[in-house]
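Take a look at the structure below.
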Amino acid sequence: MKSKNIIDVSCGIGKSFEEAVQAVAKAKKIKGKKEYNIEIYQGKSLRSKIPERFKKKIESYIQFSKTLTDEQRKMLEDFSLHDPVTGLLNKTGFFLKLEKLKRIQISQGYYMLFDLDDLHDWNEKIGYAEVDKRLEIIGREILGNIRHHRERAADILGHRLNESAGDEFLIFFPSKYTKKNLDIFIRRAQAIIRNIRKKQLKLH
């Protein structure tokens, strides 16, 4: 029987951020109807669009970071590119990493978006401090499932993509578009959701 104090997550997978957003929105509409609330985007191809203003912000950051020492650059990244609760990349950090991949001709891959269910209600029910504990657990579990390859581009993981809520975790997996790879990522999403539930149970 599922614990009443488990924050569950919905997951959407697509070939762009926009496709993953559409997929997770569909998943949230049918949550609770199957063991793993995961949807794959299957509609018309949607391209990721980064606002021009945000692109300029990223470019300014890149140019400024070139003027710093390695130690100063690390301090700047820790302070401005990461979420303070989970330590994962924030929106700026995530899209900065994507931009760096595009500059070396890497853009194909799958986006996996996890959206925490009913976070506002959970904040009211158990309090912000308890919710933060669960955010840390969820963040660590998702972080433990990204790949750190040296021979090719590593996966990118971000959090707090919606600054007003903080309930979204997004992974970009650089990968060829194949059924085999998609099946692998679906199984990975299932494992993440399963482990998120198990680790929250240990808080009780």
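Here the relative contact order of the chain, from alpha carbon pairs under 8 Å that lie six or more residues apart, stands at 26 percent. About the centre of its Cα atoms, segment 70-204 shows a dipole size close to 920 debye [charges on the beta carbon of Lys, Arg (+1) and Asp, Glu (-1) only; nearest 20 debye]. Shown here for segment 171-200: trypsin sites (Lys or Arg not before Pro) in loop regions (DSSP other than H, G, I, E, B) with at most 13 other Cβ atoms within 10 Å, namely 176.
Converting phi to 3J(HN,Hα) with the Karplus coefficients 6.51, -1.76 and 1.60 and the offset θ = phi - 60°, segment 33-40 yields 8, 8, 4, 10, 7, 10, 10, 9 Hz in sequence order, with x at every glycine or proline. Run the reach check for residue 179 against aspartates and glutamates, Cα to Cα strictly under 18 Å, same-chain hits fewer than 8 apart removed. What comes back? Those aspartates and glutamates meeting the cut-off are 19, 39. Between amide H atoms placed 1.01 Å from N, distances below 5 Å from residue 109 occur with 175, all of them 5 or more places distant or on a separate chain.
As a rough footprinting exposure proxy, the listed residues 61, 110 were ranked by other beta carbons within 10 Å of their own, and the order from fewest upward is 61, 110.
Past the 30 Å Cα-Cα mark, which pairs from 91/133; 33/57; 26/91; 29/102? Among 91/133; 33/57; 26/91; 29/102, the Cα-Cα distance tops 30 Å for 33/57; 29/102.
With a 10 Å cut-off between alpha carbons and a GNM built on the chain, which of 129, 23, 154 moves the most? Answer for the Gaussian network model of the chain: 129. Computed FRET efficiency, Cβ-Cβ of residue 74 and residue 99, R0 22 Å: what is it to the nearest 0.05? That gives a FRET efficiency of 0.70. From the coordinates of this entry, Rg and Dmax of the Cα atoms in Å is computed, and it appears in [x] 17.2, 56; [y] 17.1, 60; [z] 20.6, 77 under the label [x].
Annotation: the antiparallel percentage among DSSP beta bridges lying fully within the chain is about 80.
Of the trypsin sites (Lys or Arg not before Pro) found in segment 38-80, the ones in coil according to DSSP and having at most 12 other Cβ atoms within 10 Å of their Cβ are 44, 47, 49, 66. By the helix-only formula, in which each DSSP H run with n ≥ 4 contributes -39500 (n - 2.57) and the sum is divided by residues, the chain has a 222 nm mean residue ellipticity of -15500 deg cm²/dmol.
Readers should treat all values here as calculations from the given coordinates under stated rules, not as data from a laboratory. Predicted model, so just to flag it, every value in this text is computed and none were measured. Every residue, glycine as well, gets a Cβ built from its backbone with ideal geometry; the counts of neighbours run over all protein chains shown.
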